[in-house]
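Report on one structure; see the data block that follows.
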Amino acid sequence: MSRLRAVETGRSIARPAYSGVSALILPTGELLPGALEVGPVDPRRAPVPEEPARMLRGRLPRRHGLTPYARFGDLFAAQVLEHVEEQSGNISRLCVVHSEPVELPDFLGDLAGVYAGETMVARFGPVVGTHIGPGALGVTYLVA
């Protein structure tokens, strides 16, 4: 998921992990050499106390300029609203999932203007939220 996020945002990612893989990821999604595998968080499988600490070092390029979101703004939100409006007579359930985007109240108000049914609103959980970061917004619906 982190590799996909690097490509999506066009940014490098330094991914420390207590469980999983610690890695340095380029904006292309490629891993720099030296990724560290770390096992599941289970006291019975933890490294022995005498094991030396490990460090992952490398150089990542820094991005200058605008991210795709900064360039295109709320194009996604506008397209979602347009699509929901087109499908509104067929939608039986609609859910907005998020990680605290600043524009959430405005988006929900706009959505209420194009969809008369009840909208379930849920926050991304900690696992997904860690990978997508703050400010994300997703919409899903079920067609009757």
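Report, to two decimal places, the Cα Rg of the stretch 74-143 normalised by 2.2 N^0.38 Å (N = number of residues).
Values: Rg = 12.0 Å, N = 70, 2.2 N^0.38 = 11.1 Å.
For the stretch 74-143, the normalised Cα radius of gyration comes out at 1.08.
Taken one residue at a time, the phi angles of the stretch 134-144 give Karplus couplings (6.51, -1.76, 1.60, θ = phi - 60°) of x, x, 7, 9, x, 10, 9, 8, 10, 8, 6 Hz. Gly and Pro are set to x. Under a 5 Å amide H cut-off, with hydrogens placed 1.01 Å from N, SER12 pairs with ARG63 among residues at least 5 apart or on other chains.
Each reported figure results from applying straightforward, stated rules to the coordinates on display, with no laboratory input. Since we're looking at a predicted model, the values are computed, not measured.
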